[in-house]
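Trainee: Before we start, here is the structure in question, set down as structure tokens.
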Amino acid sequence: MSTDYKFQGWMGLDKDSIEGKLVFQEFQPKNWEETDVDIKITHCGICASDTHTLCSGWNETTYPICVGHEIVGTIVRVGSKVEKGLKLGDRVGVGAQSGSCLKCGQCHTDNGNYCDDNVVGTYNGQYPDGSRSQGGYGDYARVPSHYVVKIPEGLSSDVAAPMMCGGITVYSPLKDNGAGTTAKRVGIVGIGGLGHFGLMFAKALGAEVTAISHSDHKKADAMALGATHFIATGKEGWETENRRSLDLIVSTTNDSKMPIAKYLELLAPKGRLILVGLPEGDETPQIPIWSLVTGGRYIGGSMVGDPKQIEEMLELAAKQDLKTWIEPYPMEKVNEAIVKLTTKGMRYRAVLYNHKHINN
């Protein structure tokens, strides 16, 4: 089947691309398979993972690369073996993962984000046939249909796009660790691109929510997002004052010097600290074993979520009318957005609008 569209987007050519040097050009999509769909992109969120990848901060990046893994658009091509009821014209989304083996025990139990064989990122990944994955800072994306989800009615595309990675990154550990059920009191460390989702979803799941931030600069935002309590870690004795007040903490910071021992003091016995932020480089916080043992506490990690969990999150957002806090940018101003994200930060997620495809 031939197509009358080109795969082109804003490409990082080397590590300096993070300085606002992305270049618009064509790229080679993954080799077509009959289980794939092509998506005409209308919106794409900008994630901190994009910047870590553009500068090879986590691992060495294969250039040139089109980043962007918070993709929303409409299906323009459907393979003959596509299941899940996907069809031409459907409004769909793609998150940080676009492939796995679909055969291992993890994939068969809706844990494909922890596939035993091959987790393929939506960009900078490699499919079994050797072709590479490219992301959503552009016009079209080609993705295996298993990792494509429908966007529910009532949830706008710009609101939904950042949820495809930023939202599920915090929703998954909240849901998996009983937020609102076995974990009634939930703390969210960091009020930013991930943390603002954490506050919203923790409340939506029925938890009593505490925001944890260095200062009270974002306290008003935290309360508007769903927090009932606020802890400023720049205040002397904050961990003692709030000792054993939480059942679950999700930490969104990627600071290698995060005060893990003090976070643990906030947990009641059997409480859990779940990390979702990834520091760059080799420096990582030391694990305070004494606090774990004497408090019966747990430390864990979490990475995005399976498509079924993404669908569940989107339905919850639509039902409770949850809104991503967005700074909008036309797709052609992506370099401006990247520079702002890396120098000043966003309040709280940037979204690229591809006006060539919106309402067309």
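What follows draws every value from the coordinates through simple rules; no lab data is involved. Keep in mind it's a predicted model, so treat the numbers as computed, not measured. Here the Cβ positions follow ideal geometry from the backbone for every residue, glycine too, while neighbour counts run over all protein chains shown.
Trainee: For the range 167-301, which semi-axes, largest first and in whole Å, follow from the square roots of 5 times the eigenvalues of its Cα gyration tensor?
Mentor: Result for the range 167-301: semi-axes of 19, 17, 16 Å.
Trainee: Looking at the chain as a GNM with Cα springs under 10 Å, which of His108, His146, His43 has the largest mean-square fluctuation?
Mentor: His108
Trainee: For Gly206, what is the net charge nearby, where nearby means another residue's Cβ is under 12 Å from its Cβ and Lys, Arg count +1, Asp, Glu -1?
Mentor: Here the charged neighbours net out to +3.
Trainee: Considering the zone a paramagnetic label at Thr3 would reach in this model (a point 7 Å from Cα along the Cα-to-Cβ line), which residues of the range 316-348 have amide N under 20 Å from it?
Mentor: Taking a point 7 Å out along Cα→Cβ of Thr3, the residues of the range 316-348 whose backbone N falls under 20 Å are 331-332.
Trainee: Right, here's the next one. Checking the table Lys150/Lys184; Lys6/Lys87; Lys40/Lys84; Lys15/Lys40; Lys203/Lys356; Lys87/Lys203 against a 25 Å threshold on Cα-Cα, which pairs fail? Display every interim value, and only then the final one.
Mentor: Details: Lys150/Lys184 31 Å; Lys6/Lys87 20 Å; Lys40/Lys84 19 Å; Lys15/Lys40 28 Å; Lys203/Lys356 37 Å; Lys87/Lys203 34 Å.
Correct reply: Lys150/Lys184; Lys15/Lys40; Lys203/Lys356; Lys87/Lys203.
Trainee: Same structure again: Could you give each residue of the range 111-118 its phi-based ³J(HN,Hα) in whole Hz, using Karplus coefficients 6.51, -1.76, 1.60 with θ = phi - 60°, and x for Gly or Pro?
Mentor: 10, x, 5, 10, 3, 5, 10, 7
Trainee: Considering only DSSP states other than H, G, I, E and B, which GluC sites (Glu not before Pro) in the range 208-249 qualify as loop sites with at most 12 other Cβ atoms within 10 Å?
Mentor: In loop regions of the range 208-249 (DSSP not H, G, I, E or B), the sparsely surrounded GluC sites (Glu not before Pro) are Glu236.
Trainee: Taking a label point 7 Å from the Cα of Lys103 along the Cα→Cβ vector, which residues of the range 124-155 have an amide N closer than 12 Å to it?
Mentor: What the label zone holds, given the 12 Å backbone N cut-off, is 128.
Trainee: Okay, next question. Provide, as a two-decimal number, the C-alpha radius of gyration of the chain over 2.2 N^0.38 Å, N being how many residues it has.
Mentor: Normalised by 2.2 N^0.38 Å, the Cα Rg of the chain equals 0.98.
Trainee: Could you grab the relative contact order for the range 167-301? Cα pairs under 8 Å, six or more apart, rounded to a whole percent.
Mentor: It rounds to 21 percent for the range 167-301.
Trainee: Further question: Given +1 on the Cβ of Lys and Arg, -1 on the Cβ of Asp and Glu, and no further charges, what dipole in debye does the chain carry about its Cα centre, rounded to the nearest 20? Show your work: numbers first, answer last.
Mentor: Details: 37 positive and 42 negative charges, 165 e Å.
Computed charge dipole of the chain: roughly 800 debye.
Trainee: Mind jotting down the distance between the C-alpha centroids of the range 9-45 and the range 197-243, whole Å?
Mentor: 37 Å
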